[in-house]
Amino acid sequence: MGPAMRILAIETSCDETAAAVIEDGRRILSNVVASQIDLHARYGGVFPEMASRAHIEAIVPVIREALVKAHVGWRDLHAVAVTRGPGLAGSLLVGVNAAKGIALGRDLPLLGINHLEGHIYAHWLETESEGAADPDALEFPLLCLIVSGGHTELVLMQDHGRYQRLGGTRDDAAGEAFDKVGRLLGLPYPGGPAIERVAQKGDPARLRFPRAWLEGSWDFSFSGLKTAVLRVVRGYGEAGPDGRPPRQAPIPHLAAAFQEAVVDVLAEKTVQAAAAYQAKAILLAGGVSANRRLREEVKSRAGDIPVYYPPIFLCTDNAAMIGAAAYYRFQAGQRDGWEMDVVPNLRLV
Ligand SMILES: Nc1ncnc2c1ncn2[C@@H]1O[C@H](COP(=O)(O)OP(=O)(O)OP(=O)(O)O)[C@@H](O)[C@H]1O
Ligand SMILES: [Mg+2]
């Protein structure tokens, strides 16, 4: 083994300003995340203009803190990696320009990374977390379910950096459905964790929402489910003055039944795809993979196929995962030039 290889990774694709230092692609020396949740919670969603301004304010202190926490100086770094897409253009630009400045100033290689590949590579980071993969033991092909605020994709990973897209959502992403239904139920933003919390007090069998199976494809659809929840909520009476659900609406039961409907379809299709493509393991990735019901349900249906999920802090947006993905891209020879630009709708495949 050669000397340690350290990557400074930067992530600003949405509403978290994040920087991390990753050693040899897997050791997290630091992982700093400045969340704008409080800022956007007041409006029930992310405001792009406000998000990019908040990144501008946070980016330098966050990068500094990542270096201090990792106990490294500029000269200990070997590359700079940054999310170039998908995400909000104005947010991505802040990270990409910071990374270019550092790469230029320190004469370091620059790597633009796909945010979704980052979510997958959270599995190659060393953690002691229950349910996490041992990166050395992962064998291809792997079946990845990427479920986040903006994406819901089933991807077969054939090797490092080699992906086959099996299917994805035809309308709302799973996380988007959680966020919209959260708002509908009068829960705080982001809806995912709020629904999971409230659902624990509910009975998932009290109500039943429809599932869009889309037989014969690996695709998903969640917009009908959202409409179904809206219709049932309206059935309990008039909405309150601030759009709050009617007082009679049984929020915990509604949350539990909604969560069950999402988890049922995600778990079933993931497990079926893993079997169909003889995947060696299932990797859950993205913010929604923080959901405990989803984790449990995929595991209980997967039989002999191992199921892995990263610790919660590596499921939602962070820069450590970008550093892990960048390590494999660096090994494969990727180096980006100064023309490297943000790609808001960048695809994995
Ligand atoms: N415990 C949970 N249960 C369900 N959903 C959750 C949970 N925790 C977070 N989420 C959802 O995850 C999403 C945020 O995930 P993530 O940070 O990966 O998304 P994003 O970066 O906004 O989108 P993308 O990665 O597609 O660009 C939100 O929609 C949030 O509601
Ligand atoms: Mg994300």
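Quick note on segment 28-109: its Rg to Rh ratio, both from C-alpha atoms and Rh being the Kirkwood radius, is 1.00. Structure remark: mean-square fluctuation, Gaussian network model of the chain, C-alpha springs under 10 Å; the largest value among Ala173, Ala290, Ala239 belongs to Ala239. Roughly speaking, what is the centre-to-centre gap between segment 172-223 and segment 53-89 when only Cα atoms are used, to the nearest Å? The two parts, judged by their Cα centres, are 33 Å apart.
Place +1 on the Cβ of every Lys and Arg and -1 on the Cβ of every Asp and Glu in segment 213-329, take the dipole about the Cα centre, and give the residue among Val263, Ala273, Tyr327 whose Cα lies farthest towards its positive end. Selected residue: Tyr327. In segment 135-309, the DSSP beta bridges split such that about 60 percent are antiparallel, to the nearest 5. Using the Kirkwood radius over Cα pairs, work out the Stokes-Einstein diffusion coefficient for the chain at 37 °C and 0.692 mPa s, in µm²/s as a whole number. The calculation lands on 159 µm²/s.
Computed on segment 135-309, with alpha-carbon pairs under 8 angstrom and 6+ residues apart, the relative contact order is 28 percent. Sequentially through segment 212-217, phi angles give Karplus couplings (6.51, -1.76, 1.60; θ = phi - 60°) of 9, 7, 6, 3, x, 9 Hz, Gly and Pro residues having no value and appearing as x.
Average 1/r across all pairs of distinct alpha carbons in segment 191-329, invert it, and you get the Kirkwood radius: 16.8 Å. For the pair Ala4 and Gln158, label points projected 7 Å from Cα toward Cβ lie 3.6 nm apart.
Here Trp213 and Gln331 are evaluated by their C-beta separation; at R0 = 45 Å the FRET efficiency comes out at 0.65. Packing around the peptides 55-61, 12-18, 182-188, 250-256, taken as the average count of other Cβ atoms within 10 Å per residue, puts them in this order, highest first: 12-18, 250-256, 182-188, 55-61.
Long hydrophobic helices in the chain: the complete DSSP H runs spanning 24 Å or more by Cα along their own axis with mean Kyte-Doolittle hydropathy of at least 0.0 are 48-70, 89-106, 251-276. Tell me what the chain gives for mean residue ellipticity at 222 nm when only DSSP H runs of n ≥ 4 count, each as -39,500 (n - 2.57), the sum divided by the residue total, rounded to 500 deg cm²/dmol. So the calculated ellipticity at 222 nm is -12500 deg cm²/dmol.
None of the figures in this text is laboratory data; all of them are computed from the coordinates on show. From a predicted model like this one, the values you see are computed outputs, not experimental measurements. Please note: Cβ atoms are built from the backbone with ideal geometry, for glycine as well, and neighbour counts cover all protein chains shown.
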